[in-house]
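All of the numbers you see were taken from the coordinates with simple rules; none came from a lab. Not measured: the values here are computed from a predicted model. Don't worry about glycine lacking a Cβ; one is built from the backbone with ideal geometry, like all the others, and counts go over all protein chains shown.
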Amino acid sequence: MIPELGSYSLIMALAMALVQASVPMIGAAQRRPLWMAFAQPMAWGQFAFLALAFLFLAASFLLDDFSVAYVAHNANSMLPWYYKLSAVWGSHEGSVLLWALILSGWSFAVSVFSRHLPRDMLARVLAVMGWISSGFLLFILMTSNPFSRLLPNVPADGNDLNPLLQDFGLIIHPPMLYMGYVGFSVVFAFALAALIGGRLDAAWTRWARPWTNLAWAFLTVGIALGSWWAYYELGWGGWWFWDPVENASLLPWLAGTALIHSLAVTEKRGTFKNWTVLLAIFTFSLSLLGTFLVRSGVLTSVHAFANDPARGTFILILLGITVGLSLTIFALRAPRVVSASGFGWFSRDALLLINNILLVIITVTVLLGTLYPLLLDSLDLGKISVGPPYFNALFVPLTALLCVFMGLGPLARWKRMPGRELGKRLALSALAAVVIAAIVPSLYGGKWNLGVSVGLLLALWLVLSLARDLIHRIRPRHEGSPGRWTALKKLTPAYWGMLLGHLGVAVTIVGVVMVSNYSAEQNVRLGPEETVEVGGYRFTMTDFNERRGPNYLADTATIEVVPPGRHAFELYPEKRFYQASRMPMTDVALRPGLFSDLYVALGDEVDDGDWSLRIQIKPFVRWLWLGALIMAAGGVLAVLDRRYRRRTAPRAAVTSSPEALS
């Protein structure tokens, strides 16, 4: 009965999504308030029915209802209850349902928190989101229904959840990632609504900015969680492999970063209007492209969900319709929009434009490296592999150039600024960054390293530029000016969010260059009571035993570690065997630290009780994810700016003469 109620809930959600997509849009075109009023209740109803469907699927897992094909393929009676819950979105059908639920949740949030919008604008925004929901609900019901039964041949037990996914990181990683992916549908809907309604002024950007910042923050956390999971779960000790599915999440993040900055310029100065709309379309299209790559079967990856070409074709058609229609509307409407405001070469406008261009170039670089092998393969032109050498050779220098302009931007003025004045503001920061970056590598590693110096130079350039800007903002300009503390309290959450976002980038850069250049790794053979030394640490296997987990058997080594000049501690790496799926897995032992991780992975038994071990020392690796969390915190903080809670757009945002702004 529960699966049938789930299917019924999906059908009801689709019906409401279709009404949400059509009636309010027609009402806005014909200026019918009653028809436009359908948007909000339909969004609420769709969210309610999808939440019910999700709860029914979760109940099927918790009750071990193996008559449901999705449950039988992805769960087992021995699976702990918390992994049964994560199994709800652990494979294709459930993850698409989570996608649709989160999309309806964003629609619900927009309908509740955007009531101050003009009625026709809100109706169009929710209608566009209704069309997207309709497409995905049709996809679920036609190709990926998670409630399909196996009657009458019901198995006695299920196959089990993939052991790679039986981990806390994979409980929270997909929801966070989808919150970011799907969240960009909101700015996409705002952009299309503005195009359709002829409201392509600066006001729509102020309405869309908090939603964009929030989606970007969720996606940042989601990507960081994926990197963290790959680091400790896969047993190889790396944090990014340029896997096509990893790239699929990075692409909308890069485009979304450009979009955030472009929205700021359009809101503040009334410029880049067409460019901002195009970026909104581009960002959400890349989110759909990532969904296609993961679910079409064109990729083989531990991150990929499905290998059914029919499902891939459906998503490809949905992607084509979404991109094609939105670009057609853009082509028809955009030529009518004129930005009357100009700016100088060293203004903040120009520097943000350069940042946007660099981010788009980086995005296209990653996109080409990801899709080119797939395109050749689909055309039977051969198989090639595009891996880290390509991406590192292009991504790293472009990112370094981007950081240079990121440091310049905060100190530049809007509209016009003499280059000499900008140079004076930044000269001290640049000199300090060069000196410190040249000295620190020699002090840390005992040997000067060019890569580390360049990375630290970029990070310090960002941090010192931010510090210089903060000091400039709170410094009294003349007699009678507010004191430093008063000026500090007047800084907006949006400004603090920008500060944290750029600081997070600097912290991540430090983590990347340090772990890439100073990691130590050694594969050793170790038996009972034997000792080996790696990187100044002494490792001794003091015990080895077997233990039984809830759904696996584990060989567990007890490794005593004596660090240089500190107290000894023990690590417990494991080799697990999952009984239901008959799969072996490595469970890494970690000694985390702010400045260094100790990483021990148990390999295979060699002979005579000896085991192979991979021992790694990873300096500053946690700064990678700390930087991402700081960036995400900046995105959330920017959402709290009170100007986004005003019921009407500020006069400067809708003025037809942006030249008046400075």
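Rounded to whole Å, the principal axis extents of the Cα atoms in the chain read 82, 71, 54, largest first. Net charge in the neighbourhood of L426 (other residues with Cβ under 12 Å of its Cβ; Lys, Arg +1, Asp, Glu -1) is +2.
Rounded to the nearest 500, the 222 nm mean residue ellipticity of the chain from helices alone is -21500 deg cm²/dmol, with -39,500 (n - 2.57) taken per DSSP H run of at least 4 residues. Take every Cα pair under 8 Å whose residues are at least 6 apart in sequence, average their separation, divide by the length of the chain, and the relative contact order is 13 percent. How large is log10 I(q)/I(0) at q = 0.17, 0.25 Å⁻¹ when the Debye formula is applied to the Cα atoms of region 418-518, each weighted equally and without solvent? Log10 of I(q)/I(0), two decimals: -0.85, -1.24. Here's the list of aspartates and glutamates a cross-link from K489 could span, going by alpha-carbon distance under 18 Å and ignoring same-chain residues fewer than 8 apart: D469, D641. Over all other residues within a Cβ to Cβ distance under 12 Å of A37, the charged ones net out to +2, with Lys and Arg as +1 and Asp and Glu as -1.
Cross-link partners of K447 among lysines, defined as those whose alpha carbon lies under 24 angstrom from its own and excluding same-chain residues fewer than eight positions apart: K618. Estimated at 0.36 nm per residue, the fully extended path between A487 and L151 surpasses their Cα-Cα distance by 114.0 nm. In terms of other Cβ atoms within 10 Å, H472, H73 run from fewest to most in the order H472, H73. Each label was represented as a point 7 Å from its Cα along the Cα-to-Cβ direction; for I357 and Y372 these points are 2.3 nm apart.
Annotation: lysines with alpha-carbon distance below 30 angstrom to K84 (same-chain offsets under eight excluded): K575.
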